[in-house]
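None of the figures in this text is laboratory data; all of them are computed from the coordinates on show. Since the model is a prediction, treat every value here as computed from it, not as a measurement. Glycine gets a Cβ as well: all are built from the backbone with ideal geometry, and neighbour counts include every protein chain shown.
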Amino acid sequence: MSTNPHILVVFGSTRQGRRGEVVANWLMDRLALRTDATYELVDLRDVSLPFFDSPDSPVYGHIAPEAEQWAAQVEQADGFIFVTPEYNHGYSAVLKNAIDHLYSQWAHKPAAIVSYGGFAAGYRAAEQLRQVLIELKMVPIREQMGVSLVPNWVPSISDASDSPSGAFLNRSFNGMMTELLWWATTLIPARERDRLSQD
Ligand SMILES: Cc1cc2nc3c(=O)[nH]c(=O)nc-3n(C[C@H](O)[C@H](O)[C@H](O)COP(=O)(O)O)c2cc1C
C-alpha cells in the first residue's frame, strides 16, 4: 500500500477573463518543487458538469452519468487544495456545484483552502467553504492562504519573499502544506481499514 498521498488542486473559477489563474499557477509552481506527494491541477472549466439536478442525493451513492469521471478523479485523491475566488462574500457557484455532485468520494479526506479576492483576500469565501466541507465528512485544515488581487495591497503573490507580506505568504504556504500532508498521510490507512472491513 502506497502512503505517498495524491493531492488534487481544484481551481474554482471558470469566469471569462478570470484572474485567478495567476494564483493557481503560482501554487502549482510551488507544488512542482515538492516530492512529498503527487499534485494534480483540476480546472473546473475542463470538468464541465451540468447544474446539479439529480433526483437522488449523492449521499445515497447516486452519481449523475456526467459526473462519473469527476467522481473517479476525486475518489483517487487523498487530499485537496481548493483554490477559490470570493464572489459576494462566498465561494464560487461552480465550485459548489462540483462539490454537490459527489459525496462519499470526499469523505475522510483533508482539504486546504487558498482563497483570493479583494481587500479581504477571499477569507470570507474560505470560511463559508469550511462549513460545507465538514458536512461532507472532510477535514478542512486550519492553516490557509489568502491572496489579494488588489494592486499594491497585501498579501499578494507578487510580494518579494523577503518582504513582511511575502514572508507571511511563505509561512502560510509551508504551514498549510505541513498540516495538509499530515492529515492526508494519516487518513490513508484509516480509509483502507474501512474499505477492507466492508469487503
Ligand atoms: C460577481 C462578483 C462578485 C465579487 N465579490 C467580491 C467580494 O465579495 N469580495 C471580494 O474581495 N472580491 C469580490 N469580487 C472581486 C473578485 O475577487 C475578483 O474579480 C477576482 O478576480 C475574481 O476571481 P476570478 O477573476 O478568478 O474569477 C467579485 C467579483 C465578481 C465577478
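For the stretch 185-193, indicate whether the set of residues that are of a type in the set (Ser, Thr, Tyr) and under 25 Å from Gly20 (Cα atoms) is non-empty.
Taking the stretch 185-193 as the starting set, the residues that turn out to be of a type in the set (Ser, Thr, Tyr) are 185-186.
So of that shortlist, the ones also under 25 Å from Gly20 (Cα atoms) come out as none.
Scanning the stretch 185-193, I find no residue that is of a type in the set (Ser, Thr, Tyr) and under 25 Å from Gly20 (Cα atoms), so the answer is no.
If you take the residues of the stretch 16-49 that are touching a residue at least 60 places away in the same chain (Cβ under 8 Å) and either hydroxyl-bearing (Ser, Thr, Tyr) or within 16 Å of the ligand (Cβ to nearest atom) (or both), which of them is nearest to Gly79 (Cα to Cα)?
Among those that are touching a residue at least 60 places away in the same chain (Cβ under 8 Å) and either hydroxyl-bearing (Ser, Thr, Tyr) or within 16 Å of the ligand (Cβ to nearest atom) (or both), it is Leu27.
From the list Asn174, Asn170, which residue is more than 15 Å from Gly12 (Cβ to Cβ), more than 17 Å from the chain's Cα centre (by Cα) and away from the ligand (no atom under 12 Å from the Cβ)? Break it down stepwise before answering.
Details: Asn174 fails: more than 17 Å from the chain's Cα centre (by Cα).
Result: Asn170 is the single residue among Asn174, Asn170 that is more than 15 Å from Gly12 (Cβ to Cβ), more than 17 Å from the chain's Cα centre (by Cα) and away from the ligand (no atom under 12 Å from the Cβ).
Does Arg130 satisfy the criteria of being closer than 30 Å to Ala72 by Cβ, of a type in the set (Lys, Arg) and in a helix (DSSP H, G or I)? Lay out the reasoning, then the answer.
On the way: closer than 30 Å to Ala72 by Cβ: yes; of a type in the set (Lys, Arg): yes; in a helix (DSSP H, G or I): yes.
So Arg130 fits the description; yes.
The rows are residues; the columns are (1) surrounded by 13 or more Cβ atoms within 10 Å (Cβ to Cβ); (2) among the basic types (Lys, Arg); (3) farther than 22 Å from Glu192 by Cα; (4) within 16 Å of the ligand (Cβ to nearest atom).
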{"site": "Phe11", "(1), (2), (3), (4)": "yes, no, yes, yes"}
{"site": "Phe51", "(1), (2), (3), (4)": "no, no, yes, no"}
{"site": "Val74", "(1), (2), (3), (4)": "yes, no, no, no"}
{"site": "Ala98", "(1), (2), (3), (4)": "yes, no, yes, yes"}
{"site": "Lys109", "(1), (2), (3), (4)": "yes, yes, no, no"}
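Would you mind finding the one in Leu27, Leu49, Leu31, Leu44 that is touching a Ser or Thr at 6+ places or on another chain (Cβ under 6 Å) and among the aliphatic types (A, V, I, L, M)? Before the answer, list the steps.
Working: Leu27 fails: touching a Ser or Thr at 6+ places or on another chain (Cβ under 6 Å); Leu49 fails: touching a Ser or Thr at 6+ places or on another chain (Cβ under 6 Å); Leu31 fails: touching a Ser or Thr at 6+ places or on another chain (Cβ under 6 Å).
Criteria check complete, one pass: Leu44.
Does Glu86 qualify as being in contact with a strand residue (DSSP E or B) (Cβ under 8 Å, 6 or more places away or on another chain) and either without any contact (Cβ under 8 Å) to a residue 60 or more places away in the chain or charged (D, E, K, R) (or both)?
Working: in contact with a strand residue (DSSP E or B) (Cβ under 8 Å, 6 or more places away or on another chain): yes; either without any contact (Cβ under 8 Å) to a residue 60 or more places away in the chain or charged (D, E, K, R) (or both): yes.
Considered against the rule, which asks whether it is in contact with a strand residue (DSSP E or B) (Cβ under 8 Å, 6 or more places away or on another chain) and either without any contact (Cβ under 8 Å) to a residue 60 or more places away in the chain or charged (D, E, K, R) (or both), Glu86 comes out as yes.
Which one of the conditions (1) without any contact (Cβ under 8 Å) to a residue 60 or more places away in the chain; (2) more than 16 Å from the ligand (Cβ to nearest atom) does Ala93 fail to meet, given that it meets all the rest?
The failed condition is (2).
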